[in-house]
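Colleague: There's a structure below that I have some questions on.
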2 protein chains.
Amino acid sequence: MIGGGEAALIQRYFHGLTAQRDGVELGVGDDAALLQTETGLLAACCDTLVEDIHFPGDIPPEALGHRVLAVNLSDLAAVGARPAWTLLSLTLPEKDPQWLERFSAGFKALADRYGVALVGGDTTQGPLSVSVTALGQVAGDHGLRRGGARPGDGVWVTGTLGDAALGLELWQEREEATALAGDPAYLAGRLFRPEPRVAAGTALLGRASAAIDVSDGLAADLSRVLDESGVGATLELEALPRSQAFIDEQGDLRHLLHGGDDYELCFTLPAEREEEMACLREHAATPVTRIGTVEETPGLRGVDAGGVVCALEPGGYDHFAEGS
Amino acid sequence: MIGGGEAALIQRYFHGLTAQRDGVELGVGDDAALLQTETGLLAACCDTLVEDIHFPGDIPPEALGHRVLAVNLSDLAAVGARPAWTLLSLTLPEKDPQWLERFSAGFKALADRYGVALVGGDTTQGPLSVSVTALGQVAGDHGLRRGGARPGDGVWVTGTLGDAALGLELWQEREEATALAGDPAYLAGRLFRPEPRVAAGTALLGRASAAIDVSDGLAADLSRVLDESGVGATLELEALPRSQAFIDEQGDLRHLLHGGDDYELCFTLPAEREEEMACLREHAATPVTRIGTVEETPGLRGVDAGGVVCALEPGGYDHFAEGS
């Protein structure tokens, strides 16, 4: 349903994104994209971001453009896929060229970095929301799954946790229209411009026994892995990786365990593969930290520096959870 | 980002849609779907329907579920693809089990009919809108394109035109909450439950020189084909196919030329292939009508029964057209 005005709008703001990848037989501007695929696994995912639900109304448009693609690339990374193509559906209250210019700049910059081609889309008038479908390819016969964790495996996470949740608090507490600087700006950047762990995802293929991306909070997302694997785990709370800004701005355990939107990867790894993580740190330039151990006993537990063990509730963010 | 409540919701209402196709390595409930593809062309498209923009707020939920998938399957048909997988992103003001039950029933019935698997999705809270991505596979190396019409080709259309536009008028004019019957019910059904021309699309592969689906109106959509092909056409206005209900309810040329939402296919066909259309009528059970001729002179013209020729404006529906 790309009409004259719509097609022109897409052409104007997203030109160049369609031709940057071989194999796009037919991209934006026709009814459907035609993509030449190799024999192999295709990965597809779809996420919608709605104003005031997934992002504050005053988010910079570049950040929104980046973020909506990043959350999808993160989903692809979590199954070990290399991103290839994307479709963008934009619902906008009005046609605002400046907004679109900035939105598309953020989208483009990230897409370019990973060689992702925009191959289709749709723009409509309505309350602001952005929906992206991303398609990727997985080497080999199996992607990373949620259900493969085994007792004895280590629990690992990329990067640092809690930054985005703390960043959101600082963003909401700031004087209106004031630009953030220093630590708060770093933390808000983690919220607005999450870096999908694409290299880590593909590097974990054939190594990790299970994986998920941390979008709803470590406790919630890890619990999904444990449930699907029929196992439990104990986390070493002192080991949860914190950024310097997070420490300086006094982030706490609540942010680390229940803060969503970090888009790091949480994965489980058989003990005999632990030394391969040095390779991941080096080649994929990805910090990884061992934060706990998978156990037979179901449920998620935490142990503090003093050796005290407590049960952890999943308790992440869930739009349609009862009572929320 | 399918959380506990979301996953349960998807499981509940869309269970059975994920497993009905071979090759779904990983479907709904994980971060991304993993699909085993043959070497070949993959077709992907994406359409979002927003309340009060694309459908009236009082549309039956079953009809909305059908329609949002149908418009995407129609896009796939327009490139000659056989539909395979779909991703559904639902934004809902509230969690209404009855609404979801009915919506998913409509979606499912159509998906089942074409063996389409739902392999991913997302539900969020917000103003009602529904976004679907559909993926399909195209036999051979080329899909149907918009740019291949040549002077001398016939202009053809499947089914009948204008029904959906007339149906919308009758729906809007009815007494509130009154069920339609007879002709108006038939015409509203064409609006709410368009039948994607899947069989026709695949049958036209290698035959039609260009194709598009009629979503914004014949004049607008055909003009896109003509523009991209660098040609023009003259339509025989008397030949435009009308349903009996359309005639009885006094539909006019405005509906036939500018009414959107019919989701018929409009295509151009080299003269030497005209006799193959008998086969399409028979094997794909698709009525097809020759409605005009492609010419070198750019632009779209109509000729009436008396031989009078007039220029036709594209003038279809376009959400972001200037002044609309």
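What follows is calculated from the coordinates using simple rules that are stated; it is not laboratory data. Note that the structure is a prediction, hence the values are computed from the model and not measured. Methodologically, a virtual Cβ is constructed for each residue, glycine included, from the backbone with ideal geometry; neighbour enumeration extends over all protein chains shown.
Colleague: Could you compute the FRET efficiency for B:ILE247 and A:ILE247, with r as their C-beta to C-beta distance and R0 at 45 Å, rounded to 0.05?
Modeller: 0.05
Colleague: Around A:SER209, which amide H atoms from residues at least 5 apart in sequence, or from another chain, sit under 5 Å from its own amide H, with H modelled in the peptide plane?
Modeller: Hits under the 5 Å cutoff: A:THR268, A:LEU269.
Colleague: Let me ask something else. Checking the a/c ratio against 1.5 first, then a/b against b/c, what shape does the Cα gyration tensor give for the range B:121-220?
Modeller: Oblate, because a/c is 1.5 or more while a/b does not exceed b/c.
Colleague: Which of B:VAL303, A:VAL155, A:VAL294 has the fewest other C-beta atoms within 10 Å, and how do the rest follow up to the most?
Modeller: Details: B:VAL303 17, A:VAL155 27, A:VAL294 24.
Placing the least packed residue first, the sequence is B:VAL303, A:VAL294, A:VAL155.
Colleague: Within the range A:212-248, list the residues whose amide N lies under 15 Å from a label point set 7 Å along Cα→Cβ of A:ALA185.
Modeller: Those under the cut-off are A:245.
Colleague: Still on this model: Which aspartates and glutamates, on any chain, are close to A:LYS95 with Cα under 20 Å apart, when same-chain ones fewer than 8 places away are left out?
Modeller: Those aspartates and glutamates meeting the cut-off are A:GLU6, A:GLU51, A:ASP52, A:ASP58, A:GLU62, A:ASP122, B:ASP47, B:GLU51, B:ASP52, B:ASP216, B:ASP318, B:GLU322.
Colleague: Ok, one more. Go through the range B:83-96 residue by residue and turn each phi into a ³J(HN,Hα) via Karplus (6.51, -1.76, 1.60, θ = phi - 60°); whole Hz please, and just put x for glycine and proline.
Modeller: Listing the rounded values in order: x, 10, 10, 9, 10, 10, 10, 10, 10, 10, x, 8, 8, 10 Hz.
Colleague: Now a separate question. Got the relative contact order for the range B:193-324 handy, in percent, Cα pairs under 8 Å and 6 or more residues apart? If you can, show how the numbers build up before the last one.
Modeller: On the way: 202 pairs, mean separation 53.8, N = 132.
That works out to 41 percent.
Colleague: What are the ³J(HN,Hα) values, in whole Hz, obtained from phi via the Karplus relation 6.51 cos²θ - 1.76 cosθ + 1.60 with θ = phi - 60°, for each residue of the range A:52-57 in sequence order, with x given for Gly and Pro?
Modeller: 6, 9, 9, 7, x, x
Colleague: Let me ask another. Applying the Karplus parametrisation 6.51 cos²θ - 1.76 cosθ + 1.60 with θ = phi - 60° to the phi angles of the range A:186-197, what ³J(HN,Hα) value in whole Hz is obtained for each residue in order, glycine and proline being reported as x?
Modeller: 4, 5, 5, x, 5, 6, 7, 10, x, 9, x, 8
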